[in-house]
Structures are given as structure tokens and as C-alpha cells.
Amino acid sequence: MKLVIVGSGYVGLVTGACFSEFGYKTICVDKDQDRINQLNSGVCPFYEPGMEDLLKKHLKNTKLLSFSTSLSESIHKADIVFITVGTPSRRLEDDADLKYVWAVAEEISHNIKKYCLVVTKSTVPVGTSNEIKRIIEKTVPKENFDVVSNPEFLREGSAINDFMRPDRVVIGTDNKKSENIMRELYRPLYLRETPIFVTSIESSEIIKYASNSFLATKISFINEVSDLCEVVGANVQDVSDAMGIDQRIGPKFLNAGPGYGGSCFPKDVKAFISTAKKFDTNLSIINAVHESNKKRVIKIVDKIEKNTKKNSSLTMLGLSFKPNTDDIRESTSIKIANLLNEKGYQIKCYDPEAMENVKNEKYNFHFYNTAIEACRDTNAIIIGTEWNEFRALNLIDIGKIVNEKIIFDLRNIYNKDEVIKIGYKYYGTGK
Ligand code: UDX
């Protein structure tokens, strides 16, 4: 089976590299010549554990993976073409901007010469795949193509594992022929007995948004419970542990913190609400989640302000929106640091992978090469992202170089009593 992946961003590249690992000849296409040159030299444009090894393996050794800027030259070799372009939030609007999806559908429509299955992998509102079908239908005979929806559920930082060992594969289709092609494509996962859900195209598109919105709901739920825990002297970690052991609830995504960020949850929650509105349906719970998450950062900034000296120095440890990625999109650490900076605080910061990306954004932060250096002469340490290297900081040594021994452990990675015992004031989340 020969595959073409259109859009060599995060999802496209992970998908392309992993399908090569399955043994398929795969071409990843992107309009950005610099990106394609970089990829052809084996360099991955973002940090994702394991990606560069896969890239090099299939680019140089197996030669199953290649990169191109030309969709027209690539597509005639394809049995399946995946649309993996971005669907960002529209400026000033909440719905997904589908201009890249429409442009790719248009381009595909001018280049299909023999039967080809078009797969929507980008996260798109319900109805999009059928619209793609209508665009292609204008120039391509019906018997020469089908469109299916096949959402991805990749988490940054563990995307390769998520692709190779998914909880499920969802295939949204309206005919048996494309279902069979998709089942054949994912045959390497049969050995792992991965559940494959074949649904209508509409259900498949909704599954993606509903899944992300539900996870965001779990996070916001426990975040609000953590506020109550703080006031009454309860410990949210005990609460979520005991809740999560109930199999109907489950322990994952019940970690209280500074709110959800990243390239997916904030955008998908907004887009889901917006899609429902278009169909006169009110997703009031998800709307509340969105509002609650927006307020979260402000609440944390207030807490830090109340418990630190005005205009003093603060250290933000962790800038990426979560560990094991250099992605800073919708990062709560950065939002918090920036708001504090606007209120007059000096911000010292350190992140193992994301500092270059933050430097490009021109924030008024001071950057340090190690966590310890970032803590020198600080008035409080804020742990914004739970990178592993922050879990075992030598707080005794750090205590000797700070101005004040205060920790805001936004991700609850430290034991409160132990930190207090060595002389720190400790502020966790919900404990
Ligand atoms: C998410 C989905 O998990 C994935 O299936 C989808 O394809 C893309 O969006 P990702 O954005 O990589 O993946 O990160 P994820 O690990 O889901 O975390 C999202 C945000 O929620 C992060 O800001 C994280 O810090 C936060 N989070 C997560 C919590 O605050 N508490 C939790 O318990 C879990």
C-alpha cells in the first residue's frame, strides 16, 4: 500500500513515520520548502521522543519514507492520501479555520487519476469530510475516490507509542470498500487486538471532539474541586486518587493544576461549542469548562501575588504546555509568567526543551541554562510544568541561593510536609 500524507506538521509527520514503521511506502508532502529540506536531511522540526530515530531509519535505511513539496507528483503513486493539515481557531472566532483543508481537497481533486481513498485525519467539525467529498466530486468521477474520517488521538510527548499502541482506531465511512481498505491499512495493529470502531462519518468526526472535550471536562472538574479542597483544608490528590479508583471514573486526567493548554484542548473545546451552536445545540457543560479554564490562570496569578513581595523576582520552572515537548502553544506556564511580569515581577525561567521557542516570542523573561541557575536570588519558585528533572531538585542546596524559600507547586509534584520540613513555604494546588 502506498500512502501520501498532506501536511507535514506534528500529526502528519508522526503518522508518516509510523506508517513507514508498519512497512508502507509513505510520502509526506508540505508546501514549506525549508521544512522539506530539513526533513530530507533527517532533522525533525519539533521535539518528540523517538521521532528523529524513526525519521532517520525510514529515510536512510529502509527508504520507505520520503518528503516532497509536490502533491501532484506524489499523489499519482498513492492508494491512500491523508489530510493532516492544521485546523487552528479562526482569529476572533471560536470555530476551526478550515482554509488549509479546503485548499488540499481542491488540490487533490485536480490530481486524482486512478482510485484513491482520501482520509481526513485533521481534527475537523462534523460535516467537513462530506464537504471534502463534494469538492472532489466536482472534478473526479465518484468511482475514482472515497472519503473517510480517521481521527488521531496522539498526545504530544508520547505520540509514537499512542500511534503504535492506540486504545482504539476510529474509521468513519459510508461504504464497505473504504472500510476494507482502512482495515487492511491498520492490519499491523490486529496482533495487539486494537479495537477498531467503524462508524458513520459524522459519528467519527464527533468522537474526536467529544473525547477531547470530555478529557478537558475531567481536568476542569478536578481543578474546581481543588479550589474547594484548598479552602477547607482537604487534599485534592487524595480526593482524585480515591475517585479515580472507581472504574466508572478512572484515574487519568484527574490531576489538578494550572488548567489545560496545548495545541488541541483549548482549540477543540471552542470549536466543538461553536459547531453545536451552528446546529442550534447548546453544549452548556463544555462551555462552562472553557470559561472555567480561562479563569484558572488568573486565579493562580492572584494566589502568587497575594503570597509574594510586590515587584520581586520569581522563577518559572517549565515553559512547555506539558513535559516531553517543546510546544509552547497555550502554555499556562507562559501565560502565568507573562501576567506576573505585567504586574511588575521579574521572571527568571528555565525549560529543558522549550526555551528557544519562548525566546522567539519576545517575552520579557530572563533565561537560564539550568533550573538551579534560574533559582538564584529568586523570591519564589513556581513549578509550571512537571518535567521529570524538576521532581528531584535539590531543594536544600537551592534553599541556600534563593532570597526567599517559597514554592508554588502548580503540578503537585512535591510532598508538602517534606518541603515545609526543610524550611520552605509551600503552596500546592488544592492541598
Ligand atoms: C491531547 C489529547 O490527549 C490527544 O488525544 C489529542 O489527539 C490531542 O490533544 P496533548 O495536547 O498532547 O493531547 O496533551 P495531553 O496530555 O492530553 O494534555 C493536555 C493538557 O491537559 C495539558 O496542558 C496538561 O498539562 C493538561 N492536563 C492533563 C492536566 O492539567 N491534568 C491532567 O490530569 C491531564
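The values are calculated or read from the model by the stated rules, or taken from the named source; none is laboratory data. Source: prediction; values computed, not measured. Counting neighbours? That spans all protein chains shown, and the Cβs are built from the backbone with ideal geometry, glycine included. We work out accessible area using only protein heavy atoms, side chains counted, and drop any ligands, DNA or RNA first. Shrake-Rupley method; radii C 1.70, N 1.55, O 1.52, S 1.80 Å.
Taking amide H as placed 1.01 Å from N in the peptide plane, LYS348 has its amide H under 5 Å from the amide H of LEU314, THR315, MET316, HIS366, each at least 5 places away in sequence or on another chain. Close amide H pairs (under 5 Å, H built 1.01 Å from N) link LYS25 with LEU3, residues at least 5 positions away or on another chain. For the range 84-202, a/c is not less than 1.5, where a ≥ b ≥ c are the root eigenvalues of the C-alpha gyration tensor, and a/b does not top b/c. That puts it in the oblate class.
Each label point was placed 7 Å from the Cα along the Cα-to-Cβ direction; for ALA210 and ASP417 their separation is 4.4 nm. HIS76 contributes about 100 Å² of solvent-accessible surface, heavy atoms of the protein only, 1.4 Å probe. The ratio of the alpha-carbon radius of gyration of the range 2-199 to the globular-protein estimate 2.2 N^0.38 Å is 0.97.
Summary of packing: across the peptides 266-276, 189-199, the per-residue average of other C-beta atoms within 10 Å ranks them, highest first, as 266-276, 189-199. Put a dot 7 Å past the Cα of GLU184, heading toward its Cβ, do the same for ASN369, and the two dots end up 5.5 nm apart. Centre-to-centre, using Cα atoms only, the range 1-29 and the range 184-223 are separated by 20 Å. Starting from one equal scatterer on each C-alpha and no solvent at all, send me the Debye-based log10 I(q)/I(0) for the range 142-280 at q = 0.22 Å⁻¹, two decimals. Relative scattering, expressed as log10 I(q)/I(0), comes to -1.33. With coordinates expressed along the principal axes, the C-alpha atoms belonging to the range 214-427 extend over 58, 40, 30 Å, beginning with the largest.
Summarising the label geometry, the points placed 7 Å from Cα in the beta-carbon direction at ASN282 and ARG192 lie 4.2 nm from one another. Rg and Dmax over the alpha-carbon atoms of the chain stand at 23.4, 74 Å. If r is the Cβ-Cβ distance from LYS400 to GLN38 and R0 is 45 Å, what FRET efficiency results, to the nearest 0.05? The computed FRET efficiency comes out at 0.55. Normalised by the number of residues in the range 214-427, the mean separation of alpha-carbon contacts (under 8 Å, six or more apart) gives a relative contact order of 17 percent. Ranking TRP387, TRP102 by solvent-accessible area of protein heavy atoms (1.4 Å probe, all protein chains present), from largest to smallest, gives TRP102, TRP387. Between the range 350-383 and the range 233-250, what's the alpha-carbon centroid distance in Å? Answer, in whole Å: 33.
Helices in the chain, meaning DSSP H runs of at least 4 residues, each add -39500 (n - 2.57). Divided by all residues, the mean residue ellipticity at 222 nm is -12500 deg cm²/dmol.
Taking a straight Cα-Cα cut-off under 18 Å and skipping sequence neighbours fewer than 8 places away in the same chain, the lysines within cross-link reach of LYS421 are LYS400, LYS405, LYS431. Of the solvent-accessible surface of the chain, computed with a 1.4 Å probe and all protein chains present, 51% belongs to carbon and sulfur. Span-like helix check, the chain: qualifying full DSSP H segments, with Cα axial length of 27 Å or more and mean Kyte-Doolittle of -0.5 or more, are 201-232, 284-306.
Taking amide H as placed 1.01 Å from N in the peptide plane, the amide H of ILE171 sits under 5 Å from that of PHE197, VAL198, THR199, each at least 5 places away or on another chain. Which whole-number value in Å² is the accessible area per residue of the chain, probe 1.4 Å? About 46 Å² of surface per residue is accessible.
Using R0 = 35 Å, the C-beta based FRET efficiency linking ASP167 and LYS362 works out to 0.30. Each Lys and Arg contributes +1 and each Asp and Glu -1, all at the Cβ; summed about the Cα centre of the chain, the dipole is approximately 140 debye. The Cα atoms of the range 342-431 define a convex hull whose projected area, averaged across directions, is 6.0 nm².
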